[in-house]
Amino acid sequence: MSISNCIRSLLNIKDPNIIFSDNCVSQETVKGKTTHICKAILSVNTPPHCVHCGCINENHSIYKNGTKTVSIKLPNASNISTILRLKKPRFCCKKCNKGTIAETTCVKPNHSISTNTFHAAILESKSKRSVKDIAKSLNISHTTVNNWLKSINEDFVVSRLSLPEHLAFDEFRSVKSVKGKMSFIYMDADSGNVLDIVQNRQLGHLKSYFNTYPKEVRDKVKTITIDMYEPYIQLIKSCFHNAEIITDRFHIVQHLNRALNSTRVSVMNDTPDSKTKLKNYWKLILKDNLKLDSNDCHHYRCYKHLMSESMIVDDLLRVDKTFEETYWVHQRLTQAIRNKNMTSLLEILNDPPKNISIQMKKAIKTLKKYETSVSNAIKYPHSNGRIEGTNNLIKVIKRIAFGYRSFENFRTRVLLICNTMVRLEMKSTH
Ligand SMILES: [Zn+2]
């Protein structure tokens with residue numbers, strides 16, 4: 001391999017017309033940074049016709065007229081910023097007297113940053129790093145990276161050709177620029193992979209969004225896991241005719257926990273003597289009763305004697321009769337969900353115990369209202385994995401996207417990381 005070829009493959013330059021000669025690499029300080037300067041010549045033949053007037057080149061009607069040297073930013077080589085200083089030939093047409101400069105594939109016309117750098121930035125955007133970090137590592141400004149993200153947003157789309165059989169809908173606190181606080185996210189319930197995020201989670205907006213999927217694609221969806229947000233149910237009924245609705249297990253437990261917590265707070269206000277105890281050990285109240293430690297005794301601030309976890313809970317339950325009843329109903333319900341015990345769940349929903357708090361009665365009433373989808377939470381395995389998956393992903397991306405004003409760029413980033421985007425051309429061939 002000649003030196004020229006060696007350098008070209010080192011710098012990953014695909015254009016064979018870029019020729020390096022001996023001693024072409026030197027070091028200079030550019031903007032205070034040590035930089036590799038690689039000098040090269042673009043060696044191309046005289047164009048067969050003039051790009052301006054279209055006349056064919058014969059008898060040297062198009063002639064070479066000097067060169068123009070341009071600096072092209074390449075991705076760092078061995079972690080040192082690298083610039084290709086390329087001498088491009090200039091051609092002139094005798095007929096129209098206009099000049100042209102030869103172009104190379106390694107950079108877009110009128111750009112000073114190589115296409116390799118562009119590809120590197122997009123590849124880097126697939127990892128969970130901030131735009132600022134990516135820009136810094138590639139020696140370009142973060143505005144450039146954001147503009148590139150915007151440009152791929154126009155070229156790439158979410159495929160409308162298929163949907164997973166099991167979907168999950170959720171919402172998240174969106175970026176600052178969005179009018180409504182919450183944005184919509186939907187994902188593959190099995191893998192937890194995000195399929196797309198939608199700025200506006202209002203019913204009308206989501207309906208027209210999902211109608212961009214062909215009916216036969218939507219009809220293949222078998223289950224959709226949601227929280228107890230009413231518009232989602234209407235959305236599913238109008239867009240996904242064959243899908244069963246599952247109320248997310250995590251949300252059911254959360255719903256019940258909230259009811260128990262507010263019961264505890266109202267008991268706290270009624271019994272000043274036990275207020276501190278009830279306030280300090282709220283975690284034990286929510287814990288699965290079977291998992292409470294009854295052997296190990298420790299010192300607790302509110303107790304004079306050594307206490308075990310189950311002793312504390314027993315003591316707290318003695319404070320109020322209704323509170324105790326409510327506690328046990330909460331335990332039975334959460335255990336039924338955890339152990340997938342349909343009979344036990346329906347038993348309580350259909351005939352809730354009388355002596356429980358108003359808050360818990362209300363919570364059970366809500367679950368009863370969504371009985372089918374709540375029992376689907378026991379019938380189907382879907383839900384758990386996705387919660388961790390999405391929450392973490394959104395959190396991480398929001399953290400790295402800190403300062404993002406644009407929802408579109410935020411979305412592009414989420415979809416790049418999730419590999420959900422396909423090229424526009426690919427879509428149009430189908
Ligand atoms: Zn011409």
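The values are calculated or read from the model by the stated rules, or taken from the named source; none is laboratory data. Computed from a predicted structure; not experimentally measured. Here the Cβ positions follow ideal geometry from the backbone for every residue, glycine too, while neighbour counts run over all protein chains shown. The protein model used for the area step is the full one, side chains on, heavy atoms only, and it has no ligands, DNA or RNA in it. Shrake-Rupley method; radii C 1.70, N 1.55, O 1.52, S 1.80 Å.
Once the whole set of protein chains is in place, how much accessible area is left on Glu58, using a 1.4 Å probe, in Å² to the nearest 10?
110 Å²
May I ask for the net charge around Ser81, where only other residues with Cβ less than 12 Å from the Cβ of Ser81 are counted and Lys, Arg are +1 while Asp, Glu are -1?
+3
Under 15 Å from the 7 Å Cα→Cβ point of Leu346, by amide nitrogen: which residues of the stretch 352-385?
352, 368-380
Sorted by mean Cβ packing within 10 Å, highest first, what order do the peptides 254-267, 142-155 take?
254-267, 142-155
Accessible surface of Thr115 in the full protein assembly, 1.4 angstrom probe, to the nearest 10 Å²?
Near enough 40 Å² of accessible area.
Per residue, how much accessible area does the chain have with a 1.4 Å probe, in Å²?
Ligands and nucleic acids excluded, the figure is 55 Å² per residue.
Could you give me the ³J(HN,Hα) list for the stretch 250-261, computed from phi with Karplus coefficients 6.51, -1.76, 1.60 and θ = phi - 60°, whole Hz, x at Gly and Pro?
In residue order, the calculated couplings are 4, 6, 5, 4, 4, 4, 5, 4, 4, 5, 5, 4 Hz.
Too long at a 25 Å Cα-Cα cut-off: which of Lys126/Lys395; Lys321/Lys369; Lys31/Lys398; Lys33/Lys64; Lys207/Lys340; Lys88/Lys150?
Lys321/Lys369; Lys31/Lys398; Lys33/Lys64; Lys207/Lys340; Lys88/Lys150
Report, by chain and number, residues whose modeled amide H sits under 5 Å from the one on Asp293, excluding near sequence neighbours (fewer than 5 apart, same chain).
When sequence neighbours closer than 5 places are left aside, the close amide H contacts are Glu309, Ser310.
Find the centroid of the Cα atoms in the stretch 3-68 and in the stretch 239-286, then give the distance between the two in whole Å.
70 Å
Applying the Karplus parametrisation 6.51 cos²θ - 1.76 cosθ + 1.60 with θ = phi - 60° to the phi angles of the stretch 145-153, what ³J(HN,Hα) value in whole Hz is obtained for each residue in order, glycine and proline being reported as x?
Karplus values, whole Hz, x for Gly and Pro: 5, 4, 5, 5, 4, 5, 5, 6, 4.
Report in % the part of the accessible area of the stretch 3-112 that belongs to carbon and sulfur, leaving out ligands and nucleic acids; probe 1.4 Å.
Looking at the stretch 3-112 in its full context, I get 50 percent from C and S.
Lys and Arg at +1, Asp and Glu at -1: add these up for the other residues within a Cβ distance under 15 Å of Ser375 and post the number.
In short, +2.
So if the hydrodynamic radius of the chain is defined as the Kirkwood radius over C-alpha pairs, what does Stokes-Einstein give as its diffusion coefficient at 37 °C and 0.692 mPa s, in µm² per second?
Value of D from the Cα-based Kirkwood radius: 120 µm²/s.
Could you tell me the center-to-center distance, by alpha carbons, between the stretch 157-205 and the stretch 311-355 in angstrom?
Going from one Cα centre to the other spans 35 Å.
Ignoring everything except DSSP H segments at least 4 long, calculate the 222 nm mean residue ellipticity for the chain; use -39,500 (n - 2.57) per segment, divide by total residues, nearest 500.
-13000 deg cm²/dmol
Take peptides 167-175, 66-74 and line them up by average Cβ neighbours within 10 Å, highest first, as a rough protection proxy.
167-175, 66-74
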